[in-house]
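Written out below as structure tokens is the structure these notes cover.
The values are calculated or read from the model by the stated rules, or taken from the named source; none is laboratory data. Quantities reported herein were computed from a predicted structural model and do not represent experimental measurements. FYI the Cβ positions are ideal-geometry reconstructions off the backbone, even for glycines, and counts take in every protein chain you see.
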Ligand code: ADP
């Protein structure tokens with residue numbers, strides 16, 4: 001019999017028994033049948049109630065997350081099958097939800113911006129890894145009030161404003177380590193009701209540093225341009241005011257104008273060289289070069305000044321030594337190093353240019369070397385050193401001299417016609433080759449600059 005009719009059985013039995021008992025009342029069998037029917041109905045009802053209790057226990061277990069098959073008595077087997085199906089579906093949904101959550105967490109953690117979600121009471125619901133890093137969070141911040149997590153007056157102000165007024169708010173803040181952040185707090189609304197706030201923290205440190213560098217650069221260039229221009233204009237005005245008629249004054253002023261025009265030209269050349277070196281699309285024209293020939297070509301550019309100062313220049317380079325490099329760029333850098341050696345070495349001093357296998361130089365730059373660029377080339381390297389017996393560079397300035405316009409002694413540099421860009425060009429030249437650059441100096445005794453090149 002179909003299981004659904006089983007439910008009717010006690011009723012049919014009870015009803016039938018009652019009718020039969022009425023019919024058979026006279027016979028004496030009626031009462032016996034009635035007792036039998038009532039007994040059967042009672043037993044069946046008891047069994048049904050027990051089965052239903054089991055089913056409800058299974059439903060409760062399923063709700064609590066049980067994943068075992070429903071164990072229900074025979075009359076409820078179809079219900080058990082349905083419960084198993086429901087359990088499987090629920091298991092799949094939970095797995096899906098968990099994988100979605102894992103994916104969302106991974107996604108939020110991979111975002112560079114810090115993300116903080118708070119509920120309408122200002123309690124933290126979610127915070128990603130970047131936010132934990134920005135604010136040095138040690139423990140999960142969920143449930144804490146937002147000022148305990150994003151510890152910054154500006155961040156609190158933005159979040160509170162978004163919570164209280166339901167409007168987006170943006171603020172900038174500085175963290176104790178010097179990091180510059182911008183926070184954008186946006187209210188979450190559902191059906192016109194505030195549900196909390198999403199605050200996104202962007203790291204502006206690099207952008208602000210670049211902006212500062214750009215401003216400093218523009219200010220420096222303007223200053224560097226103004227100085228010679230002012231001098232040229234002053235001379236021209238003085239000449240126009242009558243000094244033209246005095247040949248001696250005229251000659252002196254024309255010399256000053258010429259010097260400053262030369263300085264302007266050098267400055268513009270250096271600026272253009274720097275711009276080219278910094279251009280992203282710079283393509284190295286690598287070729288095999290004899291280092292000796294390359295150094296000789298550069299020396300000819302400074303020979304006259306060196307001779308005028310009575311400087312001795314010694315070159316120690318094996319004629320066959322070759323390097324693979326962009327000849328034009330390396331010459332540019334080398335001329336700057338030689339030019340500095342000549343400028344900052346007093347009369348009668350000595351300049352040595354050495355090139356050979358990396359690490360084989362004897363007696364040059366053996367004092368503490370300050371590494372400016374580590375270099376990342378593989379394979380055999382040669383090293384080029386330019387050493388002088390000049391005024392030296394104080395230890396505190398050794399790194400800074402490679403910054404644009406940084407000079408240890410501004411007056412001395414300008415008097416020597418320096419643009420303050422020479423060493424930043426050197427650094428760029430070595431950097432675009434992916435090579436190593438270092439400097440060693442003893443104040444009052446001399447300086448050695450060294451860089452590597454790929455051996456050809
Ligand atoms: P500048 O045009 O002023 O020479 P550079 O960028 O070439 O600009 O050099 C920066 C500063 O580093 C110089 O002003 C000078 O103070 C210092 N410097 C560079 N080379 C030497 C050197 N060989 N000896 C001493 N000081 C040097």
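So here's what we get for this one:
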read-out: Yes/no for residue 60 being touching a residue at least 12 places away in the same chain (Cβ under 8 Å), over 30 Å from residue 183 (Cα atoms) and more than 34 Å from the chain's Cα centre (by Cα); value: no
read-out: Residue in segment 420-430 that is more than 11 Å from the ligand (Cβ to nearest atom) and more than 29 Å from residue 262 (Cα to Cα) present; value: no
read-out: Test result for residue 197, on the phi < 0 side of the Ramachandran plot and either in contact (Cβ under 8 Å) with a residue 40 or more places away in the chain or loosely packed, with under 12 Cβ neighbours inside 10 Å (or both); value: yes
read-out: Residue match in segment 328-340 (condition: on the phi < 0 side of the Ramachandran plot, surrounded by fewer than 18 Cβ atoms within 10 Å (Cβ to Cβ), away from the ligand (no atom under 16 Å from the Cβ) and in the same structural domain as residue 398 (by TED's automatic domain parsing)); value: yes
read-out: Any chance residue 355 is within 18 Å of residue 455 (Cα to Cα), more than 16 Å from the ligand (Cβ to nearest atom) and assigned to a loop (DSSP other than H, G, I, E, B); value: no
read-out: Identity of the residue in segment 378-413, more than 8 Å from the ligand (Cβ to nearest atom) and assigned to a helix (DSSP H, G or I), that ends up farthest from residue 353 (Cα to Cα); value: 411
read-out: Matching residues in segment 431-456 - criterion: being within 15 Å of the ligand (Cβ to nearest atom) and in contact with a helix residue (DSSP H, G or I) (Cβ under 7 Å, 6 or more places away or on another chain); value: 437, 449, 451
read-out: Residue 76 farther than 30 Å from residue 89 by Cα, at pLDDT below 85 and either surrounded by 15 or more Cβ atoms within 10 Å (Cβ to Cβ) or in contact with a helix residue (DSSP H, G or I) (Cβ under 9 Å, 6 or more places away or on another chain) (or both); value: no
read-out: Among the residues listed as 434, 411, 417, 444, the single one being without any contact (Cβ under 8 Å) to a residue 12 or more places away in the chain and either over 20 Å from residue 299 (Cα atoms) or surrounded by fewer than 20 Cβ atoms within 10 Å (Cβ to Cβ) (or both); value: 411
